Amino acid sequence: MNTKRISSNRISTLAKDEIFVFGSNLAGFHGGGAARFAFDKFGAVWGQGVGLHGQTYAIPTMQGGIETIKPYVDEFLVFARSHPELKFLVTEIGCGIAGFTPAEIAPLFREAIHIENVYLPESFWDEYSLDK
């Protein structure tokens, strides 16, 4: 297994090559939680609930169950692989307002273990260590 790349649970500033990855809603109404922070601080765009905007990457988490989040996570992982010049700091997407747990969301990001420019919350890494 690769070295753990852990994203801080208190991201307040970003280097110019860092991207804040957060859970959003499809409509891009960034009214609370990490989405509001992304909008206020890092360039998330109101009305844009998916993808790269400013120094943020939005992954929709409010539209249904885990199965509705997976395609967006898969799309993010492809994007991250194609942009090795960027460092993606994944928050505990879906684990706040959307109401999911790290145990439910972490498996969606399992492939990121092998993507060197993706940093995951420690709570996700904890889930992978339980998988053995």
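FYI, it's all coordinate maths here, none of it is from the lab. Since the structure is predicted, the reported quantities are computational estimates derived from the model, not experimental observations. So basically every Cβ, Gly included, is an ideal-geometry build from the backbone, and we count neighbours across all protein chains shown.
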The condition of being without any contact (Cβ under 8 Å) to a residue 24 or more places away in the chain and under 14 Å from the mean Cα position of the chain (by Cα) holds, among PHE29, PHE37, only for PHE37
Counting only helices (runs of 4 or more DSSP H) wholly inside the range 16-121, the ones holding at least 1 residues that are surrounded by 16 or more Cβ atoms within 10 Å (Cβ to Cβ) and in contact with a helix residue (DSSP H, G or I) (Cβ under 8 Å, 6 or more places away or on another chain) are 66-81, 102-105
